[in-house]
Amino acid sequence: MIIDFHAHVERDPITKVYDIEGILKDMDENSIDLWMISTLEGKCIKDQNDAIAGFVRQYPNRLLGCAVINPKEDDCVEEAERVAQMPEIRALEFNSWEHGFLPEKYEYHLDPIFDIAAKYGLVVKLFAGWGPRTMPQQWEKYIKRHPDVTFVVLHIGGIDFGYGSIPFVGSYDNLLFETSEQTEMQVLHEAFRQLPMEKFLFGSNYPTQATRWSVDTFDLLHFSEEEREKMFCQNAKKLLNLQDRMV
């Protein structure tokens with residue numbers, strides 16, 4: 001049983017149509033039971049988030065929604081409050097590389113947004129891995145200020161910050177890792193050696209990375225069945241309060 005915590009829905013730049021059929025086909029081919037989806041493509045942030053909520057309403061037994069928030073936008077706090085009230089949305093995603101912001105600079109928007117996340121029980125996903133805007137430690141003051149919010153560092157810190165992210169994530173009870181696109185086996189070995197399995201959520205980063213490759217990578221680490229069950233399913237179920245779901 002697999003819950004994929006991190007996938008994106010592509011949008012054709014010409015037709016403006018989202019490829020939700022591609023998501024469902026890939027789920028079937030790779031035995032993914034639930035997929036948390038977001039999108040970084042669309043006319044505007046509001047339209048993108050509405051599209052995701054619509055897909056979850058259309059396929060409630062297969063998809064979970066994650067809204068993207070850009071803290072540079074004037075109405076980002078209002079957008080966070082709006083999507084937080086949608087039952088389809090389970091998480092907020094911040095991509096400082098895609099949107100070009102320094103996390104430490106936007107306290108006046110981010111602190112109120114994280115208060116909203118705490119109020120509605122939303123998880124917060126943090127892009128990490130490429131360049132000086134994407135260091136996980138740039139979010140540290142928010143992680144400290146908002147202990148009731150669970151923050152998830154994507155890609156186990158990515159290519160640039162994999163090693164340094166491991167002790168950082170281990171330092172905070174409200175900080176977890178998502179596994180996609182961490183291609184250095186040395187980093188994976190070290191991460192799972194230093195941290196308990198409860199710190200990890202499986203993700204594929206579809207369609208950027210092949211879902212089958214993302215799953216098969218962990219065959220090389222020789223986890224026990226109990227360890228695999230935690231990373232691929234149980235940790236996400238607990239975090240997202242999915243105990244009643246048939247996965």
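The values are calculated or read from the model by the stated rules, or taken from the named source; none is laboratory data. In this text the structure is predicted, and so the values were computed from the model without any measurement. Positions of Cβ are generated from backbone atoms using ideal geometry, with glycine treated the same way; all protein chains shown enter the neighbour counts. Remember, those area values only see protein heavy atoms, side chains included, never the ligands or the DNA or RNA. Shrake-Rupley method; radii C 1.70, N 1.55, O 1.52, S 1.80 Å.
General remarks:
- Restricting region 119-189 to GluC sites (Glu not before Pro) that sit in a DSSP loop and have at most 15 other Cβ atoms within 10 Å of their own Cβ leaves 184.
- Multiplying the residue separation of residue 73 and residue 137 by 0.36 nm and removing their Cα-Cα distance gives an extension gain of 20.8 nm.
- In this label model, residue 238 and residue 226 are separated by 1.3 nm, measuring between points 7 Å along each Cα→Cβ vector.
- Region 138-247 - percent of accessible surface contributed by carbon and sulfur, probe 1.4 Å: 49
- Gain on full extension, evaluated as 0.36 nm per residue between residue 120 and residue 193 minus their Cα-Cα distance, stands at 22.9 nm.
- Average accessible surface for the chain: 44 Å² per residue, computed with a 1.4 Å probe over protein heavy atoms with every protein chain in place.
- Each pair of Cα atoms in region 1-112 enters the Kirkwood radius, and Stokes-Einstein at 4 °C and 1.567 mPa s then converts it into a translational diffusion coefficient of 88 µm²/s.
- For region 3-54, fraction of C-alpha pairs farther apart than 14 Å, in %: 53
- 22 Å Cα-Cα reach of residue 230 towards lysines, excluding residues that sit fewer than 8 places from it in its own chain: 125, 199, 238
- Helix-only CD estimate at 222 nm, as mean residue ellipticity for the chain, using -39500 (n - 2.57) per DSSP H run (n ≥ 4): -11000 deg cm²/dmol
- Relative contact order for the chain: 18 percent, from Cα pairs under 8 Å spaced at least 6 residues apart, divided by residue count.
- Calculated SAXS-style log₁₀ I(q)/I(0) at q = 0.09 Å⁻¹ - region 62-203, Debye, Cα scatterers: -0.25
- This model, with +1 at the C-beta of Lys and Arg and -1 at the C-beta of Asp and Glu, gives the chain a dipole about its Cα centre of some 340 debye.
- Equivalent ellipsoid dimensions for the chain as semi-axes, Å, which come from the Cα gyration tensor, largest first: 24, 23, 17
- Cross-link pairs 43/119; 25/72; 46/141 - those with Cα-Cα distance over 32 Å: 25/72
- When the convex hull of its Cα atoms is projected in every direction, mean area for region 182-229 (nm²): 3.4
- For region 130-164 and region 189-247, distance of Cα centres in Å: 19
- Potential lengthening of the chain between residue 44 and residue 57 amounts to 2.7 nm, from the contour at 0.36 nm per residue minus the alpha-carbon distance.
- Set of aspartates and glutamates with alpha-carbon distance to residue 105 below 18 Å, sequence-local pairs under 8 removed: 73, 74, 75, 93, 115, 140
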